[in-house]
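Asks: Dumping the structure here so I can ask a few things about it.
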Amino acid sequence: MVLSNDLAALIGFGSEASLWGMYTVIFLVSLSVLLWRRRTRDVNWVIVSANCFLYVLATTHYAIEFNHFYTTLNAIGVVGFANETQQLVGADLLISLTDFVGDMVLIYRCYLVWGRNWYICVLPFLAALAGFACVCGVVHLVVAVAPTAPVAPAALVPLGTAGYALPLCTNVMVTSLIVGRIWWTSRGAAKNAALRSTISTTRKAMNIVVESGALYLVAQLILVVLFALGHPAQAIVAVMAVQIYGIAPTMIIIRVGLGVSSEQTTKDSGMTHISWTRPSQNRAFGQSTTVFNTVVTTVTHDEPMPNETMQMKTIDSHTDKDSISAV
C-alpha cells in the first residue's frame with residue numbers, strides 16, 4: 001500500500017498527540033523537580049524559561065494541528081486533509097521556530113561550559129539562524145507559488161533541505177564542543193588519585209549530553225532525508241519532531257534534578273582552575289573540593305592531607321556557592 005499525503009498527515013497527527021501527552025507529563029515532572037531543587041540551590045532561570053517557552057510552542061503547534069484535524073475532517077473528510085491552509089502555514093513555521101529555540105538552549109549550555117566564551121558559539125548560532133531563515137523563505141514561497149500543496153514543490157526542496165540540515169549541523173557542532181570541553185578539562189583527574197572520582201561525574205555529564213543530543217539528532221536527520229526525497233512520510237516525522245525538540249532538553253533537567261547527572265540548571269561558577277592553598281580554618285582536614293569547568297566533585301579522605309588541601313579558585317565567578325554544577 002502506497003502511503004498518501006493525506007494518510008501520512010493523519011498518522012502524523014495521531015503520533016504527535018501521543019508525544020504531546022508524554023511531553024506534558026515530562027514537563028510537569030520537570031517543574032516539580034525544579035521546585036524541589038530550588039530549596040537547596042539557585043535555579044538558572046534562563047534555561048528554565050527557555051524550556052517553558054519550548055513547551056508553549058509545542059502545545060501551540062499541537063493545538064493548531066488538532067483544530068485542523070477537527071474542522072477539516074468535518075468539512076471535507078480524509079481526501080485533501082494534507083492540503084496546506086493558512087493555519088498549517090503557522091504550524092510549519094512553529095516546527096522550525098521550536099527547532100531554533102531548542103538549538104539556542106543547547107548553544108547556551110555550550111556558552112556556559114566554555115566559560116562564557118561567546119566566540120565559540122558564533123558559528124553554531126549563525127548556522128541555526130540561517131536554517132530558520134531558509135525555512136521561512138520556503139514557507140513564504142510555497143504560499144506564493146502553491147498555497148494548497150501538501151508538500152513543497154521540487155524547485156524549493158534544495159532550499160528547504162538546507163533549512164533543516166543547518167540545525168542538524170548546529171546540533172552536531174555544539175554537542176561535540178560540550179563533550180570535548182568536559183573531557184579536556186577533566187582528563188587530568190586520572191593522574192591524581194585524590195581526583196579520580198571526578199571521572200565518573202564527568203562521564204555522567206557527557207553521557208546525558210550525548211543521549212539528549214542523539215534523540216534530537218535522529219529526529220532532525222530523518223526529517224532532512226525524507227524532505228530531500230519528497231516522501232509523504234515527512235508529514236509524520238515533522239510534527240513528531242516538534243515534541244521531540246522539547247522533550248530532549250526537558251529530560252536533561254529531570255535527570256539533573258534527580259541527581260543522575262550534572263548540568264547547568266543552577267547558576268554556574270564560571271571558568272575554574274585548580275590550585276594548592278593552605279588549609280582553611282573553616283574546612284575540616286581531609287576534605288577537598290575540585291571543580292572541572294563547573295562540574296563539581298567532593299573527595300573525602302580517611303586521613304588528613306599533609307599541610308595542604310586542594311581548593312577551588314574561580315575566574316569570573318558569578319556566585320559564591322561551592323556546590324554548583326553545569327553542562
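Each value in this text was obtained by applying a stated rule to the coordinates, not by laboratory testing. Only a predicted model underlies this, so the values are computations on that prediction, with no experimental measurement involved. Because the Cβ atoms are built from the backbone with ideal geometry, glycine has one as well, and the counts that use them run over all protein chains shown.
Asks: Based on what the data block shows, is Ser96 buried (at least 16 other Cβ atoms within 10 Å of the Cβ) and touching a Cys at 6+ places or on another chain (Cβ under 8 Å)?
Replies: Criteria met by Ser96.
To keep it simple, each residue is scored yes or no on (1) within 18 Å of the chain's Cα centre (by Cα); (2) more than 30 Å from Val179 (Cα to Cα); (3) crowded, with 19+ Cβ neighbours inside 10 Å.
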position: Ser15; (1), (2), (3): no, yes, no
position: Leu31; (1), (2), (3): yes, no, no
position: Val46; (1), (2), (3): yes, no, no
position: Phe53; (1), (2), (3): yes, no, no
position: Thr59; (1), (2), (3): yes, yes, no
position: Ala75; (1), (2), (3): no, yes, no
position: Gly80; (1), (2), (3): no, yes, no
position: Asn83; (1), (2), (3): no, yes, no
position: Asp103; (1), (2), (3): yes, no, yes
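Asks: Another question, if that's okay. Counting only residues that are within 19 Å of Ala91 (Cβ to Cβ) and of a type outside the set (A, V, I, L, M), how many does the stretch 19-78 have?
Replies: Final tally of qualifying residues: 19.
Asks: Considering only residues that are in contact (Cβ under 8 Å) with a residue 24 or more places away in the chain and loosely packed, with under 14 Cβ neighbours inside 10 Å, look in the stretch 122-151 and name the one that is nearest to Ala9 (Cα to Cα).
Replies: Ranking the candidates gives Thr148 first.
Asks: On to the next question. Which ones in the stretch 207-240 are within 16 Å of Met104 (Cα to Cα) and either touching a strand residue (DSSP E or B) at 6+ places or on another chain (Cβ under 9 Å) or touching a residue at least 60 places away in the same chain (Cβ under 8 Å) (or both)?
Replies: Step one: filter the stretch 207-240 for residues within 16 Å of Met104 (Cα to Cα), giving 209, 212-213, 216-217, 220.
Val209, Gly213, Tyr216, Gln220, listed by residue number.
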